[in-house]
Structures are given as structure tokens and as C-alpha cells.
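The values are calculated or read from the model by the stated rules, or taken from the named source; none is laboratory data. Predicted model, so just to flag it, every value in this text is computed and none were measured. Methodologically, a virtual Cβ is constructed for each residue, glycine included, from the backbone with ideal geometry; neighbour enumeration extends over all protein chains shown. Just the protein is used for accessible areas: all its heavy atoms, side chains included, with ligands, DNA and RNA removed. Shrake-Rupley method; radii C 1.70, N 1.55, O 1.52, S 1.80 Å.
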Amino acid sequence: MDLSAGETGKGYRFEIEAAKNGEHFVRFRARNGEIMVRSETYTSKASAKNAIESVKKNGPKADTVDESLAAKPAAAAKK
């Protein structure tokens, strides 16, 4: 949804928002309204839309790394 164009919605969603400097950024909002991810800013709204499409296309195939699990043994070793 494009918040900079006044669109609204509910549920899981990507949101395009205008930054104070006139550029645009993308947020991914959870169903409960919590912002889960915020992107860098893009000079054009089209670039922000391309970022969303890239995440939708490449995200499901991406490896998942739980860094919280990887950090635990190292922290325990320091004690």
C-alpha cells in the first residue's frame, strides 16, 4: 500500500512512505500493527516498489540464519 498516496489497510503488508527529505522508504508491518522491517530510503517511489517486488521474489528462497543461536555459544565461552 502507498501511504504517501493516502491508501490504508490492515493485516500483514508492505507500506511505502515518504521521508522528510522527499525520498521514499518501505516498511513491513505485522498484522498486529508492529513495524518489523524498515528499508533504506530510495530516491523514487518506483525504486521502493522494486524493492518490495525483489523481497517478494527472492525472500522465500533466502537462507535463514538465527544469529541469536550463533551468539550464545560464543558468549558462554567468555564466562
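Applying the set (1) of a type outside the set (S, T, N, Q); (2) touching a Phe, Trp or Tyr at 6+ places or on another chain (Cβ under 8 Å); (3) in a helix (DSSP H, G or I) to V37 leaves exactly one unmet item: (3).
In the stretch 21-45, the residues that are under 16 Å from G11 (Cα atoms) reach residues that are part of a loop (DSSP other than H, G, I, E, B) and open to solvent by 50 Å² or more (accessible area, probe 1.4 Å) with C-beta atoms within less than 8 angstrom, at least six apart or across chains, in these pairs: F28/Y12; R29/Y12; A30/Y12; R31/K10; R31/Y12.
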